[in-house]
Amino acid sequence: MTYGRTAVLGVYDERRVKIVATLGPASREPETLREMFEAGVDVVRVNAAHGTPDERASLIEDVRAVAHETGRRVPILFDLRGLKIRTGPVPGEETVPIARGSRVEVVNTPVPTTPELIGIDYPPLFEFIQAGSRILISDGLIELHVERIEGKRAIAQVGRGGPLHGRQGVTLPEALIKGGSLTQVDRDDLRWGVEQGVDFIGLSFVSDAADLRFAREIAGWYSERPPALIAKIERTEAYNNVRGIAFAADGLMVARGDLGVQMPPERVPRAQKEIIKVANEFAIPVITATQMLESMIMQPVATRAETSDVANAVWDGTDAVMLSAETAVGHYPVEAVRTMGRIIREAERDGPIRTAASTMLLPDQSEATLVVADAIARAARELADEAPVEHIVVFTLTGASVRRVAKYRPRPPIIGAAADEDVARRLNLIWGTRGTVVPIEENPDHLFQVAGESFVQEGLATEGEFALIAGSLPMTHVSGRTNMLHVRRLGT
């Protein structure tokens with residue numbers, strides 16, 4: 001697949017929204033990975049909740065090897081599990097019937113489940129529930145209404161019943177639980193991810209910006225250049241604090257599955273739009289996730305509703321859409337990636353999706369250098385709309401200047417020219433961007449010539465095409481100083 005090339009000026013023929021694919025047993029084999037990469041996967045997600053550290057390390061090694069073989073820079077998102085509250089066991093492979101309208105006792109230890117007694121493996125449980133609280137089990141399929149607390153047990157009426165398996169997830173929708181975003185298990189996983197050199201850490205159970213600052217501090221203990229942090233918006237508290245979280249994070253994820261348990265499902269579409277809007281405004285990438293092509297776990301084609309769902313996420317302004325079980329355990333992982341790509345291309349057929357948020361000024365206008373850099377990013381979009389340029393080339397040290405340009409959704413694709421591989425890989429999560437490595441040097445004319453030749457050799461551009469170049473003069477190792485726009489033919 002060739003990115004960022006148009007046969008005729010103005011024809012928009014390559015997708016800008018990225019595809020994140022979760023890896024698992026269905027996509028474990030290198031040959032399947034290769035097919036998925038060739039089908040269009042931009043980012044892979046590895047879930048900390050599954051597999052042993054050795055198994056995950058082997059998977060990461062395979063991802064890097066296959067990415068190298070296929071000539072692609074594929075960043076790795078390592079998703080932490082966060083606080084997981086679960087019910088007690090059920091003997092054997094059986095289920096326990098929990099009858100609607102019945103009353104059950106709930107305790108805060110993982111005792112075996114019976115029709116009259118449900119144990120929850122969370123010792124502080126009674127600090128967070130009271131009469132009137134709801135307890136949701138198994139993604140909300142079973143709902144308990146707490147009537148009263150008697151010592152170390154709660155008496156609850158079953159609002160929604162059904163068969164209950166062992167070790168099912170428990171949600172406390174009204175509970176203001178702090179500290180769940182970085183449990184001891186998460187800290188161990190965070191260190192492991194940093195040591196493995198993953199590109200992004202997905203932070204679960206976030207409540208506010210303090211969770212991001214704490215996680216960044218912990219990651220900094222293990223590396224001078226730790227992974228970027230993606231805050232998963234999956235709790236009502238996180239949604240209510242989304243602007244502060246966006247300011248502290250390197251990206252957001254609309255975690256619709258958990259969010260749809262924490263709040264009424266009918267509120268999730270509005271929440272999705274608001275979260276994407278905030279990310280667009282703050283110029284950070286946002287991933288829309290969960291059940292996007294759920295039916296493709298078992299069948300080779302998506303439903304019409306799923307197709308509309310993906311397209312609407314594109315029209316909302318998302319940077320990326322994510323496949324979860326579809327590629328982790330589904331029967332058709334490669335077909336799911338191809339289907340996602342086709343939907344995105346059709347949604348983008350008339351050009352880049354520019355939402356109202358993508359035209360807003362960056363919220364932080366306190367520093368003169370940032371104001372100038374933001375103005376240049378807007379000017380790049382306007383100039384690219386009018387001039388016959390096929391690419392926007394952005395030279396960057398950290399990726400911030402690329403995010404600013406991508407925020408305004410320019411017509412031509414963006415080539416992010418980074419100084420090192422780590423930054424170049426991370427750029428491939430950003431809307432409309434392909435990352436590559438170009439060593440920084442002081443002579444801008446020579447730099448532009450060498451960079452153009454490199455883009456042509458990599459297949460990112462064609463020799464002689466016009467590019468709009470954004471960067472800083474003089475070229476230095478200090479980030480955040482974008483001050484230049486320049487038009488040049490590539491490879492000359």
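The values are calculated or read from the model by the stated rules, or taken from the named source; none is laboratory data. Owing to the predicted nature of the structure, the values given are computational and were not obtained by experimental measurement. Neighbour counts are summed over all protein chains in view; Cβ atoms, including those assigned to glycine, are modelled from backbone coordinates with ideal geometry. Accessible surface is based on the protein model in full, side chains and every heavy atom, while ligands, DNA and RNA are left aside. Shrake-Rupley method; radii C 1.70, N 1.55, O 1.52, S 1.80 Å.
Odds and ends about this structure:
- Of the helices (runs of 4 or more DSSP H) lying entirely inside the range 332-418, the ones with 3 or more residues being more than 22 Å from residue 284 (Cβ to Cβ) and touching a residue at least 40 places away in the same chain (Cβ under 8 Å) are found at 333-347.
- Filter result for residue 322 (among the aliphatic types (A, V, I, L, M) and at pLDDT below 95): no
- Failed condition for residue 149, given (1) open to solvent by 40 Å² or more (accessible area, probe 1.4 Å); (2) within 14 Å of residue 166 (Cβ to Cβ): (2)
- Inside the range 152-161, residues that are in a loop (DSSP other than H, G, I, E, B) and surrounded by 16 or more Cβ atoms within 10 Å (Cβ to Cβ) make up a count of 1.
- Selected residue [at pLDDT below 95, of a type in the set (Lys, Arg), open to solvent by 10 Å² or more (accessible area, probe 1.4 Å) and in contact with a helix residue (DSSP H, G or I) (Cβ under 8 Å, 6 or more places away or on another chain)] from 28, 34, 5: 28
- Failed item in (1) free of Cβ contacts under 8 Å to residues at least 60 places away in the same chain; (2) under 17 Å from residue 77 (Cβ atoms), with residue 321 passing the rest: (1)
- Taking the criterion of being assigned to a strand (DSSP E or B), surrounded by 18 or more Cβ atoms within 10 Å (Cβ to Cβ) and touching a residue at least 24 places away in the same chain (Cβ under 8 Å), the residues of the range 116-145 that qualify are 118, 119, 120, 135, 136, 137, 142, 144.
- Hey, residue 208 charged (D, E, K, R) and buried (at least 20 other Cβ atoms within 10 Å of the Cβ) or not: no
- If you go through the range 49-78 and keep only what is at pLDDT 95 or above, closer than 27 Å to residue 188 by Cβ and outside any helix (DSSP H, G or I), you end up with 74, 75, 76, 77, 78.
- Scan of the range 173-196 for residues that are open to solvent by 30 Å² or more (accessible area, probe 1.4 Å) and either at pLDDT 95 or above or aromatic (Phe, Trp, Tyr) (or both), ordered by number: 187, 188, 191, 192, 195, 196
- For the condition on the phi < 0 side of the Ramachandran plot, in a helix (DSSP H, G or I) and within 19 Å of the chain's Cα centre (by Cα), residue 296 does not qualify.
- Filter result (closer than 30 Å to residue 288 by Cβ, in a loop (DSSP other than H, G, I, E, B) and either open to solvent by 20 Å² or more (accessible area, probe 1.4 Å) or not aromatic (Phe, Trp, Tyr) (or both)) within the range 431-473: 432, 459, 460, 461
- Scanning the range 229-264 for residues that are part of a loop (DSSP other than H, G, I, E, B) and under 27 Å from residue 366 (Cα atoms) gives 241, 249, 250.
- Failed item in (1) over 18 Å from the mean Cα position of the chain (by Cα); (2) within 19 Å of residue 277 (Cα to Cα); (3) exposed (fewer than 15 other Cβ atoms within 10 Å of the Cβ), with residue 243 passing the rest: (1)
- Residue 406 within 30 Å of residue 356 (Cα to Cα), touching a helix residue (DSSP H, G or I) at 6+ places or on another chain (Cβ under 8 Å) and surrounded by 24 or more Cβ atoms within 10 Å (Cβ to Cβ): no
- Scan of the range 246-260 for residues that are at pLDDT below 95 and either surrounded by fewer than 21 Cβ atoms within 10 Å (Cβ to Cβ) or among the small types (Gly, Ala, Ser) (or both), ordered by number: 257, 260
- Pairs, first more than 23 Å from residue 171 (Cα to Cα) in the range 70-84, second outside any helix (DSSP H, G or I) and not aliphatic (A, V, I, L, M), C-beta under 6 Å, six or more apart: 73/435; 75/199; 76/199; 77/45; 77/200; 77/202
- Among (1) open to solvent by 60 Å² or more (accessible area, probe 1.4 Å); (2) touching a Gly at 6+ places or on another chain (Cβ under 6 Å) - the single one residue 71 does not satisfy: (2)
- Within the range 211-228, residues that are in a helix (DSSP H, G or I) have Cβ atoms under 6 Å from residues that are at pLDDT below 95 in these pairs: 211/181; 215/182, counting only partners at least 6 apart in sequence or on another chain.
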